[in-house]
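*Asks:* My questions will all concern the structure given below.
The values are calculated or read from the model by the stated rules, or taken from the named source; none is laboratory data. The model shown is predicted, which means the values in this text are computed figures rather than measured ones. Glycine also receives a Cβ, built like all others from the backbone with ideal geometry; neighbour counts cover every protein chain displayed. Surface areas here come from the heavy atoms of the whole protein model, side chains and all, with no ligands, DNA or RNA. Shrake-Rupley method; radii C 1.70, N 1.55, O 1.52, S 1.80 Å.
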Amino acid sequence: MKLTLYVWRQKSAAQEGEFRRYDMQEVSPDSSFLEVLDLLNEQLILKGEEPIEFEHDCREGICGCCSMVINGRPHGPKKLHTTCQLHMRNFEDGATVYVEPWRAAAFPVVKDLVVDRSSFDRIIQSGGYISVNTGSAPEANSVPIGKEVIDTAMDAATCIGCGACVAACPNGSAALFTAAKISHLGLLAQGQPERYDRVLRMVDQMDKELFGSCTNHGECQEACPKGISIKYISMMNRDFIRATAARVMDPKGAMKAQ
Amino acid sequence: MQFQLDAKIPSGPLDRKWSKHKFDLKLVNPANKRKYTVIVVGSGLAGAAAAASLGELGYNVRCFCYQDSPRRAHSVAAQGGINAAKNYRNDGDSVWRLFYDTIKGGDFRARESNVYRLAELSVNIIDQCVAQGVPFAREYGGLLANRSFGGAQVSRTFYARGQTGQQLLLGAYSALSRQIAQKTVSMHTATEMLDVLVVDGRARGIVVRDLRTGRISTHLGDAVVLCTGGYSNVFFLSTNAKGCNVTATWRAYRRGAGFANPCFTQIHPTCIPSSGEHQSKLTLMSESLRNDGRIWVPKQAGDKRHPSDIPESERDYYLERRYPSFGNLSPRDIASRAAKERCDAGFGVGPGGLGVYLDFADSIKRLGRKVIEERYGNLFEMYESITGEDPYTEPMRIYPAPHYTMGGLWVDYNLMTTIPGLFAAGEANFSDHGANRLGASALMQGLADGYFVVPYTIGDYLARSGPSGLGSDHAAVASLEREVGDRIKKLVSLNGNRTVDSIHRELGRLMWDKCGMSRNAAGLREALQKIPAIAERFWREVRVTGSGEELNQCVEKAGRLADFLEFAELMCIDALERNESCGGHFREEYQTPDGEALRNDNEYCYAAVWGLRGTEGGRLTHDLTKEPLTFENVHLAQRSYK
Ligand SMILES: Cc1cc2nc3c(=O)[nH]c(=O)nc-3n(C[C@H](O)[C@H](O)[C@H](O)COP(=O)(O)OP(=O)(O)OC[C@H]3O[C@@H](n4cnc5c(N)ncnc54)[C@H](O)[C@@H]3O)c2cc1C
Ligand code: FES
């Protein structure tokens, strides 16, 4: 099949970017979207032009590296798929396809389609864990956890940290990403001791990065390749309100609302 | 280079070696720990677990990965599960049984002491992960669930849907993140290690390239741990992530570390076949599918009919035919070879005849579509999205693919390589799986090494050797940085008319044909002729664009391929030297009359440890040292799954 690609090219964060047009012939409908970029890159290299830089690694939808807005949608037209899982048979022969990086203040462009997502790591560092040192864990079956609870926690834990939620949000909010981790840990018995402290610290960090605020558009849920529900944002908000109320009552910040 | 190998296996009975050893290990005074810098390369299960645990102990840790976040290491892609001898099912499991299954599964080419320790530690891993919040599957009563995996008759595999690796990695990543916040660990993402600094016979740091800016710098440390994963990408097409490489371990080899059993690679039987020249990597379909799927090919070679038009009597369920007692659940190496045998004989299906059917029709009839959907829904979707075919109505087509590498840097019982101060953990070392790894055992090993072995043994090393004391003004630092920088310059200057990928494909095809699922002396000799020619073409014909001072994936790929080209030769040399068949290493000359692997315990019951001798006529030369394997607790037997 034939394709016309308009790809965002930007040499560095400091320089301005632009869409550049590439006409492709003989693309196999069985190839993946990234394989089309591979093919284009091989052609560019042989012409002595610089290939398009894009993040990718696992190419099976789990590492969260790949990150492209395709025809205006993060990860492209197919729901519940990452860019690397998107195959060309989902496009019409002769289609025109626009490819650009995640656009968000908190994800500055590094080069071409590569952005800096280290803000996500800093949110996790601010509290996205259970404080347990190696060696100190009790016997695994000593705390039963209901199947439904674990399934709900797992639904949140499947987040791959790709950032599509932020790219899709008109405000560039990281609420879904942050809520997924807060809910995953907050639902589990092991996560209770730090539950309210965690939500305060993570929300605080989210605000310090350049993420916008959540105004309930729900675009994040639509774009999430793992189908993570915005119900977790409500969970986070509930915990946040309880935690803030308690902080008001106890100026030292210790949380007692468990 | 020949080595004086001392595996440092503790004396005493097998089941007391590790506890005795832990007592014998020297400790570093808590107040002194922060004076020591430990460098951990890799943030997969092994690396993240090691870095976090060392940070908790109070060491000053620096951790590195090439991805933009530690959470993206390829451990994230593991689907099926992790083994542990918890015996929660009350089905007769024990540390001893897990030990035995692993030794036997590895076709008796692993060290007893290490494998026993691994089985012992497996139970602590599950405790640790659950405490971190890893959402393992549970029963309705709230207790942990298990599933079965190949090569075992007990149910001991813990899992989190089809995303076990992801959840375990996120657990380790959260522990790591906590240490980063506490500033015991400094994390260096998008940074690739390109060399190890060895001065006066001791590892004292690494040279890295910042992949975003191209800046080359040195990080000095008192000990270095390589947790950089496996080298399946030597085949170009594999189930590994695109960035997986041999660079870190190969650079260590070039500096004097021994490389053990490089030819021991695992070919996984159930992967989605390649769909054409554009194929950039292969996708695994979990081993668990073989619980309910039946594998077959048409009885008539070249039969082009649609599978549903082929009547039952004209199908060959070859695994059930050849291995009636294990059938479709035969171990990986056996199932892979059987598929290849059928395809080579002309019975394969799909494009190029490189595929066999994995058929769920019987199970769907027996259990109903709903049950199959519950068990494998996400895998079926993945299959459909890649191939465009619906596995509920027509059989999957599958074919074996490179998946895991049992070979790796040689390590002693302390996981230290032949270079003092340089350790290797996870898939990067050779230690526990012998010639074939059982499913769900790599995650276990990575976490055992990272959480529970390395934190102890590094302490012992540091307590005995003291600080490295090498300053950044030492001449060796500048000279190694220059060497690494010159290499990047040389790569950037390549201005031919071929792409890195095209040469990598060429190497991959050759390795797959001659050093893949089955090997023979003539083919290996042929490969040894051809690899240097490909390497020459690489240096003459490749084109690298851009500069070395910026984000440039073209240079990254070229550097990794250059190392694969050198490494590939050693893989073939090792395969040629081992005149026996064992586990994943199948030499066609050595097989039983019915086509099974024929081990030669009298001559080859050892780990082959290679060391770099030097260069002759532009080619690297290597020496072999043997670490004899002694089996005091299990009886060496011919594996049988009939
Ligand atoms: C598709 C798939 C499914 C699997 N399923 C299972 C399963 O169900 N059960 C099981 O037990 N095993 C499974 N395995 C095997 C298992 O996942 C791996 O063996 C294991 O996760 C390896 O962990 P690791 O920590 O050693 O390395 P990895 O997770 O590969 O991590 C390597 C790390 O090293 C870094 N790195 C590499 N090179 C460099 C360099 N030069 N400089 C800097 N950093 C570098 C990377 O950035 C990364 O952080 C599977 C493997 C695959 C490919
Ligand atoms: S490349 Fe890993 S999710 Fe797309």
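*Asks:* Which pairs in the list B:Lys8/B:Lys489; B:Lys8/B:Lys35; B:Lys17/B:Lys557; A:Lys147/B:Lys183; A:Lys226/B:Lys370 are over 32 Å apart, alpha-carbon to alpha-carbon?
*Replies:* Violating the 32 Å limit, Cα to Cα: B:Lys8/B:Lys489; B:Lys17/B:Lys557; A:Lys147/B:Lys183.
*Asks:* Another question, if that's okay. Rounded, prolate or oblate: which one fits the range B:537-642, using the alpha carbon gyration tensor with axes a ≥ b ≥ c (rounded when a/c is under 1.5, else prolate when a/b beats b/c, else oblate)?
*Replies:* It is prolate, given that a/c is not under 1.5 and a/b is the larger ratio.
*Asks:* Something else now. Could you give the accessible area per residue of the range A:3-110, probe 1.4 Å, as a whole number in Å²?
*Replies:* Result: 39 Å² of accessible area for each residue.
*Asks:* Per residue in the range B:47-74, which ones lose no less than 50 Å² of accessible surface when going from chain alone to all protein chains (1.4 Å probe)?
*Replies:* Listed by number, the residues meeting the 50 Å² cut-off are B:Glu56, B:Asp68, B:Arg71, B:Arg72.
*Asks:* With r as the distance between the Cβ atoms of B:Tyr317 and B:Asp594 and R0 = 25 Å, compute the FRET efficiency 1/(1 + (r/R0)^6) and round to 0.05.
*Replies:* Efficiency computed from Cβ-Cβ geometry: 0.90.
*Asks:* Follow-up question, since we're still on this one. Given an 8 Å cut-off on Cα distances and at least 6 residues of separation, report the relative contact order of chain B as a percent.
*Replies:* 20 percent
*Asks:* Rounded to the nearest 100 Å², what is the buried accessible area between B and A, both sides summed, probe 1.4 Å?
*Replies:* 6100 Å²
*Asks:* Over the residues of the protein assembly as shown, compute the C-alpha Rg and express it relative to 2.2 N^0.38 Å.
*Replies:* 0.90
*Asks:* A further question follows. Find how many whole Å separate the alpha carbon centroid of the range A:5-55 from the alpha carbon centroid of the range A:223-247.
*Replies:* The range A:223-247 and the range A:5-55 have Cα centres separated by 38 Å.
*Asks:* Further question on the same structure: Which aspartates and glutamates does A:Lys2 reach when only Cα atoms under 15 Å apart count, and residues fewer than 8 places away in its own chain are ignored?
*Replies:* A:Lys2 reaches A:Asp23, A:Glu26, A:Asp30, A:Glu35, A:Glu92, A:Asp93.
*Asks:* Of A:Ile160, A:Asn141, A:Phe240, which is farthest on the positive side of the dipole of the range A:117-249, counting Cα position, with +1 on Lys and Arg Cβ, -1 on Asp and Glu Cβ, and the Cα centre as origin?
*Replies:* A:Phe240
*Asks:* Now, a different point. Take the Cβ-Cβ distance between B:Glu277 and B:Asn378 as r, set R0 to 30 Å, and report the resulting FRET efficiency rounded to the nearest 0.05.
*Replies:* FRET efficiency, B:Glu277 to B:Asn378: 0.60.
*Asks:* Quick one: if you stick a label point 7 Å off each Cα along the C-beta vector at A:Lys11 and A:Leu80, how many nm between them?
*Replies:* 4.5 nm
*Asks:* Under 28 Å Cα-Cα from B:Lys340, which lysines qualify once same-chain neighbours fewer than 8 residues away are excluded?
*Replies:* Reachable lysines: B:Lys104, B:Lys242, B:Lys281, B:Lys299, B:Lys304, B:Lys514, B:Lys530, B:Lys642.
*Asks:* Percent antiparallel among DSSP beta bridges with both residues in chain B, to the nearest 5?
*Replies:* Here the antiparallel bridges make up roughly 70 percent for chain B.
*Asks:* Grab the other residues whose beta carbon is less than 14 angstrom from that of B:Asp6, score K and R as +1, D and E as -1, and report the net.
*Replies:* Taking every other residue near B:Asp6 into account, the sum is +1.
*Asks:* Once each part is reduced to its C-alpha centroid, what is the distance from the range B:563-641 to the range A:89-164 in angstrom?
*Replies:* 41 Å
*Asks:* Using a cut-off of 17 Å between alpha-carbon atoms, which aspartates and glutamates can reach A:Lys208, once sequence neighbours fewer than 8 places away in the same chain are excluded?
*Replies:* In chain and number order, the partners are A:Asp116, A:Asp121, A:Asp197.
*Asks:* So for the range A:3-110, considering every pair of alpha-carbon atoms, how many percent are separated by more than 24 Å?
*Replies:* Summing the P(r) tail past 24 Å for the range A:3-110 gives 20 percent.
*Asks:* Hey, another quick one. What is chain A's relative contact order, in percent, from Cα pairs under 8 angstrom and six or more apart in sequence?
*Replies:* The value is 18 percent.
*Asks:* Also, quick follow-up: Quote the accessible area belonging to B:Trp96 in square angstrom, nearest 10, computed with a 1.4 Å probe and with ligands, DNA and RNA left uncounted.
*Replies:* The accessible area comes out at roughly 110 Å².
*Asks:* Carbon-plus-sulfur fraction of the accessible area of the range A:117-249, 1.4 Å probe, in percent?
*Replies:* 53 percent
*Asks:* Here's something else I'd like to know. If I ignore ligands, DNA and RNA and count only protein heavy atoms, how much of A:Glu18 is accessible to a 1.4 Å probe, in Å² to the nearest 10?
*Replies:* Roughly 90 Å² of A:Glu18 is accessible to a 1.4 Å probe.
*Asks:* Residues of the range B:354-416: accessible area per residue at 1.4 Å, in Å²?
*Replies:* Dividing the accessible area of the range B:354-416 by its residue count gives 37 Å².
*Asks:* Cβ under 11 Å from A:Ser126's Cβ, A:Ser126 left aside: what net charge do those residues give with Lys, Arg +1 and Asp, Glu -1?
*Replies:* +1
*Asks:* Something else now. Measure nothing but the geometry: give the 0 to 90° angle between the long axis through the Cα atoms of B:95-105 and the longest principal axis through the Cα atoms of chain B, rounded to 10°.
*Replies:* 70 degrees
*Asks:* Now, a different point. In nm, what is the difference between 0.36 nm times the number of residues separating B:Arg613 and B:Lys299 and their Cα-Cα distance?
*Replies:* 107.9 nm
*Asks:* What list of ³J(HN,Hα) values in whole Hz, one per residue of the range A:138-148 in order, does the Karplus curve 6.51 cos²θ - 1.76 cosθ + 1.60 (θ = phi - 60°) give from phi, with Gly and Pro shown as x?
*Replies:* Residue by residue, the range A:138-148 yields x, 3, 4, 8, 6, 10, x, 10, x, 4, 5 Hz.
*Asks:* Sticking with the crude label model, points 7 Å out along Cα→Cβ, report the distance from B:Ala478 to A:Asn133 in nm, one decimal please.
*Replies:* Reported label-point gap for B:Ala478 and A:Asn133 is 4.3 nm.
*Asks:* Another question, if that's okay. Along the Cα→Cβ direction, 7 angstrom out, place labels at B:Asp24 and B:Ser465. What is the inter-label distance in nm?
*Replies:* A separation of 1.9 nm, rounded to one decimal place.
*Asks:* Could you tell me the relative contact order of the range B:27-170? Use alpha-carbon pairs under 8 Å, at least six residues apart, and round to a whole percent.
*Replies:* It comes to 27 percent, rounded to a whole number.
*Asks:* Could I ask something else about it? Quick one: check the C-alpha center-to-center distance for the range B:241-287 versus the range B:478-539, whole angstrom.
*Replies:* If we compute the Cα centre of each part, the gap is 15 Å.
*Asks:* Turning to a different aspect of this structure: With 44 Å as the cut-off, how large is the P(r) tail for chain B, expressed as percent of Cα-Cα pairs?
*Replies:* More than 44 Å apart: 16 percent of the Cα pairs in chain B.
*Asks:* Right, something else. Working with all protein chains in place, sort B:Ser308, B:Ser441 by solvent-accessible area computed with a 1.4 Å probe, largest first.
*Replies:* B:Ser308, B:Ser441
*Asks:* Still on this structure, please answer the following. Please give the charge dipole size of the protein assembly as shown, origin at the Cα centre, charges +1 on K and R Cβ atoms and -1 on D and E Cβ atoms. Round to the nearest 20 debye.
*Replies:* Dipole size: approximately 1580 debye.
*Asks:* Oh, and also: Relative to the isolated chain, which residues of the range A:184-211 have their accessible area cut by 40 Å² or more in the presence of all protein chains (1.4 Å probe, heavy atoms, no ligands or nucleic acids)?
*Replies:* Output list: A:Gln190.
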